[in-house]
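J.: Take this structure, written in structure tokens, and hold onto it; I'll ask about it next.
The values are calculated or read from the model by the stated rules, or taken from the named source; none is laboratory data. It should be emphasised that the depicted structure is a prediction, and the values quoted were computed from it without experimental measurement. All Cβ positions, even for glycine, are placed from backbone atoms using ideal geometry, and neighbour counts span all protein chains on display.
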Amino acid sequence: MNTPAFGALLRDAIYQVLDNWVFRILAVLIAILVLTTFVFGFRQDGIVLLFGLEHWSYDAFLDTFSAGGAPNAPSDAQGMVIDILVKILFEGIAGNLGVLACVAATAFFVPAMLQKGAADVLFHKPLPRLTFYLARYIAGLLFVGSLATLMSVGVYLGFLLVSQYNDPGILLAGPLITYIFALVYAVSMWVGVMTRSTVAAILLTVIFFSVNGCIHRAWGTMTQNELTRTAEVEAGRDLRRKERSNPEAAPEAGAAEEDQADLDTDEIEDTESAFVTWMRRTITTLHYILPKTGDADVLAHKMRRVVNRPAFTDGTSLVSVFRIPDGFERVSPAEVPPLPNEARALVGEPVLTLKGSLGDAPVTYTLLRRDVSKRTVERRGKSREVLESNSQAAQALREALEAAGATGISRTIMSLGANMHGNPMGAALLDWTEGGHTRRVAVFKGANGERLYTLWIEDGGMPSEERDKLVFDTIHRAMGYDLKANSYEERFTLTAPWRYNILFSVGSSLAFVAVLLLLGWWKLRRIEF
């Protein structure tokens with residue numbers, strides 16, 4: 001390939017992009033969206049206009065309630081609002097409408113090249129036709145890549161500088177949109193070569209993009225349902241094995257009958273009709289052949305979770321501190337709070353300690369963890385394990401504290417943690433005053449229900465309703481259950497079997513693009529001018 005000639009063709013294609021009125025219109029629209037993030041600031045205390053010219057509270061449009069003196073709805077209004085805006089901008093406007101608009105804007109590249117006058121000039125040059133074809137493809141990627149980069153970088157800087165919200169995951173939107181367009185644009189170019197019609201290229205590419213997305217969504221739903229059923233089957237099998245190994249369990253069914261139950265579960269009779277079976281196999285086959293645009297969203301979500309990793313996450317329980325509150329720092333190793341001996345075993349071991357100050361008074365947050373206790377009860381002639389509840393754990397801790405001399409302890413059921421990243425945690429709250437200072441303890445479970453957590457709050461300031469709310473809200477806004485990835489996303493890794501493998505997904509999609517480019521080049525070589 002003649003490198004200088006290819007560069008000249010690429011520059012010519014870029015000039016066509018810049019001279020494209022659709023490109024200019026899209027650039028102006030993106031500039032307006034980016035400018036909005038600089039005009040309006042979505043800060044922790046509310047929405048500001050032009051760096052403070054006007055100020056509005058989030059309460060005007062966020063439905064918040066109180067339960068037991070503590071917020072019950074998401075209190076991280078800033079994070080929630082920005083997350084909604086990011087999804088609208090990149091998943092809705094850019095990810096769907098934006099890709100379709102870019103398809104319409106670039107569909108003329110190949111048909112225009114094949115018009116009588118242009119073709120006579122281009123194809124009489126001593127250059128391979130593959131050079132012309134690839135130059136048009138790269139020009140289309142530059143068209144979309146520049147717009148996507150402008151949007152992602154601009155929105156990121158707007159939120160960072162004006163809203164004081166740092167979310168590097170926003171920068172992933174540019175490469176994601178460009179990658180999806182690269183998969184779709186190969187179809188547009190192939191149709192353009194085959195039909196020499198801009199209208200046909202637009203129409204058939206839009207249909208392909210829509211149908212392709214439906215196929216992958218259907219396959220994803222089938223796969224998720226299959227994984228869910230498999231997990232339920234395994235859970236049922238484990239439960240039967242546990243009951244069988246319990247010597248106190250009533251033998252309502254013999255071992256042979258339970259063995260047969262396992263076999264029956266493993267060999268579930270296929271009651272699907274022939275049409276449903278055919279549809280399932282067809283969708284699966286098409287999923288493996290067609291470019292996997294849906295996996296791009298899954299991959300972007302996984303990457304964003306890595307970039308925006310919480311400051312602390314405790315394994316499968318998903319209990320997380322998403323950010324260290326301003327004015328606090330993490331103490332390592334975690335410190336044991338001043339506990340009476342009677343309460344020491346009830347709270348477990350410390351896993352996180354945050355020290356800082358609110359106002360002029362020191363505040364310490366200590367998160368402790370232990371396994372939930374289990375007890376065996378007889379129900380309907382069978383032995384069952386019952387897990388300790390939040391209320392039971394809080395009541396036991398309250399009795400231990402009272403035995404150690406604490407008085408005036410009140411207990412409240414409330415929600416702890418209300419971050420946009422996950423769900424709030426149901427907790428039992430104990431609070432009392434000791435030595436002129438407020439003591440507060442929240443007891444809650446992890447997402448898997450197998451670990452019990454105690455959040456011990458030491459406040460060195462003088463107790464007051466306003467200060468108590470400030471101290472609690474500071475940690476309330478930073479905590480929550482991290483979002484649990486679905487079964488497909490958890491399995492979608494570099495080392496997974498090919499069905500869930502990232503390399504296979506990306507590689508097969510790029511292979512589809514390569515095949516279409518080769519078919520388009522093959523057709524282009526056989527066109528006589």
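One line per residue, one yes/no per condition, for (1) assigned by TED's automatic domain parsing to the domain that holds ALA186; (2) surrounded by fewer than 17 Cβ atoms within 10 Å (Cβ to Cβ); (3) at pLDDT 90 or above:
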position: LEU470; (1), (2), (3): no, yes, no
position: SER487; (1), (2), (3): no, no, no
position: THR495; (1), (2), (3): no, yes, no
position: SER509; (1), (2), (3): no, no, yes
position: ALA514; (1), (2), (3): no, yes, yes
position: LEU518; (1), (2), (3): no, yes, yes
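J.: Being touching a Pro at 6+ places or on another chain (Cβ under 8 Å), under 19 Å from GLY356 (Cβ atoms) and not in a strand (DSSP E or B), is that true of even one residue in the range 438-456?
T.: Checked against the condition, which is being touching a Pro at 6+ places or on another chain (Cβ under 8 Å), under 19 Å from GLY356 (Cβ atoms) and not in a strand (DSSP E or B), the range 438-456 yields no hits at all.
J.: Can you list the helices (runs of 4 or more DSSP H) lying wholly within the range 31-144 that have 1 or more residues being closer than 24 Å to GLY192 by Cβ and at pLDDT 80 or above?
T.: Helices (runs of 4 or more DSSP H) meeting the threshold: 99-106, 109-113.
J.: May I ask you to verify whether ASP264 is part of a helix (DSSP H, G or I), modelled with pLDDT under 80 and surrounded by fewer than 12 Cβ atoms within 10 Å (Cβ to Cβ)? Before the answer, list the steps.
T.: Details: part of a helix (DSSP H, G or I): yes; modelled with pLDDT under 80: yes; surrounded by fewer than 12 Cβ atoms within 10 Å (Cβ to Cβ): yes.
Against the criterion (part of a helix (DSSP H, G or I), modelled with pLDDT under 80 and surrounded by fewer than 12 Cβ atoms within 10 Å (Cβ to Cβ)), ASP264 qualifies.
J.: Something else: Look at THR438 and say whether it is surrounded by 20 or more Cβ atoms within 10 Å (Cβ to Cβ) and among the hydroxyl-bearing types (Ser, Thr, Tyr).
T.: So THR438 fits the description; yes.
J.: Please go through the range 157-175 and pick out each residue that is of a type outside the set (A, V, I, L, M), in contact with a Ser or Thr (Cβ under 8 Å, 6 or more places away or on another chain) and not in a helix (DSSP H, G or I).
T.: The answer is SER163, and nothing else.
J.: I need a count of the residues in the range 470-529 that are outside any helix (DSSP H, G or I) and of a type outside the set (Lys, Arg).
T.: 18
J.: Looking at the range 294-324 only, could you name the residues that are β-branched (Val, Ile, Thr) and closer than 15 Å to TYR488 by Cβ?
T.: Selection gives VAL298 alone.
J.: Taking the range 295-311, which residues are over 22 Å from THR223 (Cβ atoms), surrounded by fewer than 19 Cβ atoms within 10 Å (Cβ to Cβ), out of contact with any helix residue (DSSP H, G or I) (no Cβ under 7 Å at 6 or more places or on another chain) and not β-branched (Val, Ile, Thr)?
T.: Result: ARG309, ALA311.
J.: Just the residues that are touching a Leu at 6+ places or on another chain (Cβ under 8 Å) and either surrounded by 22 or more Cβ atoms within 10 Å (Cβ to Cβ) or in a helix (DSSP H, G or I) (or both), please, taken from the range 196-213. Show your work before the answer.
T.: The initial filter retains those residues of the range 196-213 that are touching a Leu at 6+ places or on another chain (Cβ under 8 Å), namely 196, 206, 209, 212.
Correct list: VAL206, PHE209, ASN212.
J.: Quick check on this structure: which one of GLU248, GLU232, GLU257, GLU226 is in a helix (DSSP H, G or I), over 28 Å from GLU490 (Cβ atoms), out of contact with any Phe, Trp or Tyr (no Cβ under 7 Å at 6 or more places or on another chain) and at pLDDT below 85? Show your work before the answer.
T.: Working: GLU248 fails: in a helix (DSSP H, G or I); GLU232 fails: over 28 Å from GLU490 (Cβ atoms); GLU226 fails: over 28 Å from GLU490 (Cβ atoms).
GLU257 is the lone residue from the list that is in a helix (DSSP H, G or I), over 28 Å from GLU490 (Cβ atoms), out of contact with any Phe, Trp or Tyr (no Cβ under 7 Å at 6 or more places or on another chain) and at pLDDT below 85.
J.: Of everything in the range 428-458 that's touching a helix residue (DSSP H, G or I) at 6+ places or on another chain (Cβ under 6 Å) and small (Gly, Ala, Ser), which residue is farthest from THR316 (Cα to Cα)?
T.: Selected residue: ALA428.
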